[in-house]
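> To start, I am sharing the structure in question, which I have written as structure tokens.
Values in this text are rule-based calculations from the coordinates and carry no lab data. Source: prediction; values computed, not measured. Note that we place each Cβ from the backbone using ideal geometry, even for glycine, and neighbour counts take in every protein chain shown.
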Amino acid sequence: MSKAYEVQKIEIKLKEEDRLSLDRTSKTLCKLNNSLIDSLKNDFLKNGDIRTIKDYYTLLNKVDNFKLKNPEFDDVYYLLSRSVGFRVLDSVKKVPYGTRDININHKDWESDWYSLFYSKKNRGFSIENRVITFRISKTRSIKATLTEKIGHYDIINMRIDKQHYRYFAIFCHQVEIPKTILPKQVKRWIAIDQNHENFFTGIDNRGITYRFEKLKSETYFNLAIDEIVDKIKACTNSYRKARLYKALNRVTNKRAEQTFSALHSISKVIATNFDAVLIGNYVPSRDDLPYENLKKIMVDRTHIARFRSILEWDMKKRGKIFVLVDEKNTTSRCCICGNKEHKDPSIREFTCKKTGAKVIRDLNSCVNIARKGGAPIDNPIDIITKINQVYIYDYRISKVRRVT
Ligand SMILES: [Zn+2]
């Protein structure tokens, strides 16, 4: 068994007064965050060496000092204020050695709600049935209702976030990946690599390569949502504002519906055409769960995990095979020569050092996933240089459609 992390995002329902308390806490954390950045910048001006602040304990000391001086900071639940230290450290770590300026910006609470991060297992929060209780200050805990059932996993950490006027609890679970291997008699299989550039990339038993494009319906609705949010921000008339909120709710629900039916259609097409699916599972370390761009990544991850579980169900109910493959090293290792090298995620194509062949990064992962799951691909050199078929989910006709 190997371990992997999965993310589950669940909307929570709160009392009005608790919503206000949450917003207040988030705002205080944001202030603490900005004070910490200011203090680091001051130190930097004095010492001129970023390395002196690359240490977590320096940051924790600073946080504690701020707490001593400011009762507002002091009242915040200690794990939450500490998490600010983690977040700032994360930004600091990205500043290269010898940099002449600390280019870390303040967080703007108005545009980016500061999430409440509970970094430790069962510390500061607890769950009973559909009720989650979490600490926000020395004396105050908040109870909220989870709108979805939580998976029976091992929760590693949890965060409370607000997006488009809704509140969410985002859980990071640890899951076990059982070692399933593709049985020899299965002929029609597809190996799938899910990634952020497109919806997924795939290779099948005949050596045909596939790309499934990102869900366009998502992009479309996201734009619409951003537009309404901008209007709400600029709106001063309360009657009009209430109408905009309603519209926002409608569009958000519509987006969820569209995504849901898209994921199901795509899964169905795969389950109909193949007898086995080999699919990679994310295995990020804790450090790989970054704080920057977290919201976007979380959304992508929940999508990815959701699609995987729909597909698993669709395969199993047809009596077909679903193989979850430990994704570790499937991206970094060249599937032709086995050479392992770190490649920046922005590089979508690389050259095999030994053979000089051009390799499409996602197809390379597919071959590695296939092999790891027990599907034979003896000579990948000819198949990993080109995508043969491209598909989209056409939300106007609610169907999967081939475009190339
Ligand atoms: Zn190579």
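> Using a simple charge model, +1 on the beta-carbon of Lys and Arg, -1 on the beta-carbon of Asp and Glu, nothing else, what dipole does segment 1-177 show about its Cα centre, in debye to the nearest 20?
Roughly 220 debye for segment 1-177.
> Can you put 245, 210 in order of Cβ neighbours within 10 angstrom, beginning with the fewest?
Going from least to most buried by this count: 245, 210.
> I've got another one for you. Rounded to two decimals, what is Rg over Rh for the chain when you use alpha-carbon atoms and the Kirkwood radius?
My calculation puts Rg/Rh at 1.00.
> Quick check: pseudo-label points 7 Å beyond the Cα along Cα→Cβ at residue 27 and residue 386, how many nm apart are they?
6.0 nm
> Right, here's the next one. May I ask you to derive the FRET efficiency for residue 122 and residue 257 from their Cβ-Cβ distance with R0 = 25 Å, giving the value to the nearest 0.05?
So, using R0 = 25 Å, E works out to roughly 0.15.
> Using Cα pairs under 8 angstrom and six or more residues apart, how large is the relative contact order of the chain, in percent?
Relative contact order comes out at 18 percent.
> Can you list which of the trypsin sites (Lys or Arg not before Pro) found in segment 158-190 are DSSP loop residues with at most 16 other C-beta atoms within 10 Å?
Those that pass, being in a loop and sparsely packed, are 179, 184, 187, 188.
> Using the alpha-carbon atoms, what tilt in degrees (0 to 90, nearest 10) does helix 56-69 show relative to the longest principal axis of the chain?
Its long axis makes an angle of about 30 degrees.
> Further question: Could you work out the local net charge near residue 404, counting Lys and Arg as +1, Asp and Glu as -1, over the other residues with Cβ closer than 12 Å to its Cβ?
+3
> I would also like to ask the following. Would you kindly derive the ³J(HN,Hα) couplings of segment 268-278 from the backbone phi angles with the Karplus curve 6.51 cos²θ - 1.76 cosθ + 1.60 (θ = phi - 60°), listing them in order in whole Hz, with x for Gly and Pro?
For segment 268-278, the Karplus curve yields 5, 4, 5, 5, 6, 8, 10, 8, 8, 10, 10 Hz.
> For the chain, what does -39500 (n - 2.57) per DSSP helix run (n ≥ 4), summed and divided by total residues, give at 222 nm, in deg cm²/dmol to the nearest 500?
Calculated from helices alone, the mean residue ellipticity at 222 nm is -13500 deg cm²/dmol.
> Can you order the peptides 65-76, 198-209 by their average number of other Cβ atoms within 10 Å per residue, highest first?
Descending mean neighbour count gives 198-209, 65-76.
> Here's something else I'd like to know. Give me the net charge of residue 231's neighbourhood, meaning all other residues with Cβ under 15 Å from the Cβ of residue 231; Lys, Arg count +1, Asp, Glu -1.
Residues near residue 231 contribute +3 overall.
> Using only Cα atoms, tell me the angle between helix 294-317 and the longest principal axis of the chain; keep it within 0 to 90° and round to the nearest 10.
The angle comes out at about 40 degrees.
> Taking 8 Å as the Cα distance limit and 6 or more residues as the minimum spacing, I'd like the relative contact order of segment 180-402 as a percentage.
Taking the mean separation of contacting Cα pairs over the length of segment 180-402, I get 30 percent.
> Under 10 °C and 1.306 mPa s, how fast does segment 1-177 diffuse according to Stokes-Einstein, given a Kirkwood radius computed over C-alpha pairs? Answer in µm²/s, whole number.
91 µm²/s
> Moving on. Would you mind counting up the charge near residue 318? Only other residues with Cβ under 14 Å from its Cβ, with Lys and Arg at +1 and Asp and Glu at -1.
+2
> Here's something else I'd like to know. Sketch the reach of a paramagnetic label on residue 397 as a point 7 Å from Cα along Cα-to-Cβ, and name the residues of segment 194-226 whose backbone nitrogen lies under 17 Å away.
213, 216-217
> Also, quick follow-up: List the lysines whose alpha-carbon lies under 20 Å from that of residue 121, not counting same-chain residues fewer than 8 positions away?
List returned: 3, 9, 138, 143, 149.
> Please name which of 391, 367, 63 has its Cα lying farthest along the dipole of the chain towards the positive end, using unit charges on Cβ (Lys, Arg +1; Asp, Glu -1) and the Cα centre as origin.
Working it through, the farthest residue towards the positive pole turns out to be 391.
> What is the spin-label model distance, in nm, from residue 235 to residue 58 if the labels are put 7 Å beyond Cα along the C-beta direction?
4.7 nm
> HN-Hα J couplings of segment 388-402 from phi, Karplus 6.51/-1.76/1.60, θ = phi - 60°, integer Hz, Gly and Pro as x?
My calculation for segment 388-402 gives 7, 10, 10, 10, 10, 9, 8, 6, 6, 10, 6, 9, 7, 9, 7 Hz in order.
> Same structure, new question: Between helix 361-372 and the chain, what is the angle of the helix's C-alpha long axis to the longest principal axis, kept within 0 to 90° and rounded to the nearest 10?
So the inclination is approximately 70 degrees.
> Let me ask another. Given points 7 Å out from each Cα along the Cα-Cβ axis, report the residue 45 to residue 78 separation in nanometres with one decimal.
Taking the simple label geometry, residue 45 and residue 78 are separated by 3.3 nm.
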